[in-house]
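The values are calculated or read from the model by the stated rules, or taken from the named source; none is laboratory data. Just so it is clear, the structure is predicted and the values come from calculations on it, not from any experiment. Glycine also receives a Cβ, built like all others from the backbone with ideal geometry; neighbour counts cover every protein chain displayed.
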Amino acid sequence: MSRGIVALAGGVGAARFLSGLCEVVDPAEITIIGNTGDDMEWNGLSISPDLDTVAYTLAGVADEERGWGIRGDTYESLGWMARYGMETWFKLGDRDLATHCFRTDALRRGMRLSEVTRRICEGLGVRARLLPVTDDRLRTRVETSDGILEFQKYFAEKRCEPEVRGILFDGVETARPAPGVLDAILDAVAVIVCPSNPLISIGPILAVAGVGEALRVTTAKVLAISPIVGGRALKGPADRMMRGLGLESSAAAVAELYRDFADVFVLDKVDKAERSRVEALGMQALVTLTVMKNRAARVALGRAVAGALELDPRPEPTP
């Protein structure tokens, strides 16, 4: 059996990178381990924002402008929810609603989240394997100047405005890796940490029992891509959260968080001066363009990563 590629993924940044990678290597060879710390229950629905963002993007239906949801979606149901006094701060589209209804019903009937996710990907035509890091309940809580908030409350409702003072992973003490997660890492030829928030996207994945150890002992080459470019997050609140926790908001500071297991760290050309700091951590530094403004940039980054990992790329299409 061929050894595959594993990717640890959060939401938008990871999804965009993976869409490019899937054009460079066979998506059937990729296992994506997705963050579930952002998951929540909202108006009775079970919602997995990061898993859905990855699935929608790889299916080619994601709303790229908004950064979440389904392209061309409508919001009639949200308006009717408001009539009944239900919460509407989480902007759920009508097509998106079908995904959450399916997940909620399946989970209530006893189906595991990993199986639900497989069924969703199957329905969307996604060829890569997408696994939640755990089937157990895992929730990220953010300690802020407004108190302890569920991550989506902090992110979507409060718009990341409260000052971050700490991060908690509720349920991590009892959470166990979903079936296939540890085997995928241990059997991989390459592991990629996508350009996701290291604190609240990759952090919950690493916190699940056995995942960090698997990354340290795997014979796979492990490569991580910085989500920080020029001291700022490409998407989301990673830079503000790092500063709130007393960390430097820089690519090199992200590399420090991954030093226990990463062999290669990818920096944007803007941060080439940080190369020596990364190499001092014992990692190989790869300097390239990491800002994914369009499809061509995503594919180019995917090709650069595949080259660094010595993966066999698909042939480039004939013009």
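Residues checked against (1) in contact (Cβ under 8 Å) with a residue 40 or more places away in the chain; (2) surrounded by 13 or more Cβ atoms within 10 Å (Cβ to Cβ); (3) of a type outside the set (Phe, Trp, Tyr); (4) part of a loop (DSSP other than H, G, I, E, B):
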position: TRP68; (1), (2), (3), (4): yes, yes, no, yes
position: SER77; (1), (2), (3), (4): no, yes, yes, no
position: ALA82; (1), (2), (3), (4): no, no, yes, no
position: ASP96; (1), (2), (3), (4): yes, yes, yes, no
position: MET111; (1), (2), (3), (4): no, yes, yes, yes
position: SER114; (1), (2), (3), (4): yes, yes, yes, no
position: THR117; (1), (2), (3), (4): yes, yes, yes, no
For the range 1-26, the count of residues that are in a helix (DSSP H, G or I) and in contact with a helix residue (DSSP H, G or I) (Cβ under 7 Å, 6 or more places away or on another chain) equals 12
Can you name every residue in the range 15-48 that is over 17 Å from VAL193 (Cα atoms) and buried (at least 23 other Cβ atoms within 10 Å of the Cβ)?
ASP38, ASP39, SER48
Taking the options VAL217, VAL189, VAL222, VAL211, name whichever one is in contact with a Phe, Trp or Tyr (Cβ under 7 Å, 6 or more places away or on another chain) and closer than 23 Å to PHE265 by Cβ.
VAL222
Criterion (in contact with a Ser or Thr (Cβ under 8 Å, 6 or more places away or on another chain), over 28 Å from LEU168 (Cα atoms) and buried (at least 17 other Cβ atoms within 10 Å of the Cβ)) met by exactly one of ALA55, ALA62:
ALA62
Kindly list the number of the only condition in (1) over 23 Å from THR290 (Cα atoms); (2) in contact with a Gly (Cβ under 7 Å, 6 or more places away or on another chain); (3) of a type in the set (A, V, I, L, M, F, W, C); (4) modelled with pLDDT of 95 or more that fails for LEU168.
(2)
Of everything in the range 127-165, what is assigned to a strand (DSSP E or B) and of a type in the set (Val, Ile, Thr)? Give them in sequence order.
THR134, THR140, VAL142, THR144, ILE148, VAL164
